[in-house]
Amino acid sequence: MISVLDRVAALAIADELGHVFAASFDDGDAEHFATDQLPTHADRDDFKLVAAWKENVVGFAYGFTGKRGQWWSDRVAEAIGPELTAEWIGGHFEVVELAVLPEARRQGIGTELMQELMRDLPNPRALLTTYADDRPAPRLYRRLGWQLLVPDLGWGSALYGLDRGVP
Ligand SMILES: CC(C)(COP(=O)(O)OP(=O)(O)OC[C@H]1O[C@@H](n2cnc3c(N)ncnc32)[C@H](O)[C@@H]1OP(=O)(O)O)[C@@H](O)C(=O)NCCC(=O)NCCS
């Protein structure tokens, strides 16, 4: 089952999400995620989190509407130059995290989470950074129609964009 969570509902299960985060990333810190990263991002415009449940949370994805002046937007803008920045940055939906517990992978959950996260968003464009090398995450994004905008931003991450075709 996939559910859509707003700020309050997401923060209520911050510890559970932190556990999934830490189990999904080699350097993932559950406590930092639950007490710092998630609360900061949950305050951003149009914050949306989707969670996949078996008995507990087995995966989640979240994002918000990004703008210049925010750390990620400014860092990416500096790396990609003025033309791509003007086209893509500001008002974009920023996909921040996608994570599925190792034991729940390869069952379509990550794909479903991304589809649900992107459903009915008003943002004309969406952006994310992911691994520059060949891994499940970039393969998943490409399958869902994301285009590779910059193969390597300079720190081992690739920038992907989705033109959602809405005004
Ligand atoms: C990336 C990630 C979220 C994908 O989650 P997932 O639930 O395994 O995703 P899916 O099941 O939708 O797809 C993954 C693979 O399983 C395959 N798959 C999906 N359903 C399947 C099924 N029923 N039987 C066999 N394979 C299946 C997909 O084709 C895909 O294959 P590919 O990697 O060879 O292209 C997960 O690997 C993860 O958490 N990785 C670590 C964190 C990470 O990298 N996050 C993204 C950071 S940008």
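The values are calculated or read from the model by the stated rules, or taken from the named source; none is laboratory data. Just so it is clear, the model here is predicted, and its values are computed rather than measured. Neighbour counts run over all protein chains shown; Cβ positions are idealised from the backbone, glycine included.
Could you give every pair whose Cβ atoms fall below 7 Å, whose first residue belongs to segment 133-145 and is more than 11 Å from L162 (Cβ to Cβ), and whose second residue is modelled with pLDDT of 95 or more and not in a helix (DSSP H, G or I), counting only separations of at least 6 or pairs across chains?
Listed by first residue and then by second, the contacts come to A137/L98; A137/T130; A137/Y131; P138/T130; P138/Y131; P138/A158.
If I filter segment 94-116 down to residues being among the charged types (D, E, K, R), within 8 Å of the ligand (Cβ to nearest atom) and not in a helix (DSSP H, G or I), which single residue comes out as nearest to T130 (Cα to Cα)?
Among them, the one singled out is E97.
Quick one: which helices (runs of 4 or more DSSP H) sit completely within segment 7-93 and have at least 3 residues that are surrounded by fewer than 16 Cβ atoms within 10 Å (Cβ to Cβ)?
Passing ranges, in order: 7-12, 71-88.
Any residue in segment 61-72 that's at negative phi: show its pairings with residues that are modelled with pLDDT under 95 at Cβ separation under 9 Å, as long as the two are six or more apart or on different chains.
Pairs that qualify, where the first residue is at negative phi and the partner is modelled with pLDDT under 95, are T65/P122.
All but one of (1) in a strand (DSSP E or B); (2) touching a helix residue (DSSP H, G or I) at 6+ places or on another chain (Cβ under 6 Å); (3) away from the ligand (no atom under 14 Å from the Cβ) hold for G154; state the number of the condition that does not hold.
Among (1) in a strand (DSSP E or B); (2) touching a helix residue (DSSP H, G or I) at 6+ places or on another chain (Cβ under 6 Å); (3) away from the ligand (no atom under 14 Å from the Cβ), G154 violates only (1).
Based on what the data block shows, is D43 over 21 Å from A126 (Cβ atoms) and of a type in the set (D, E)?
no
Evaluate the following for R106: is it exposed (fewer than 14 other Cβ atoms within 10 Å of the Cβ) and within 14 Å of D163 (Cα to Cα)?
no
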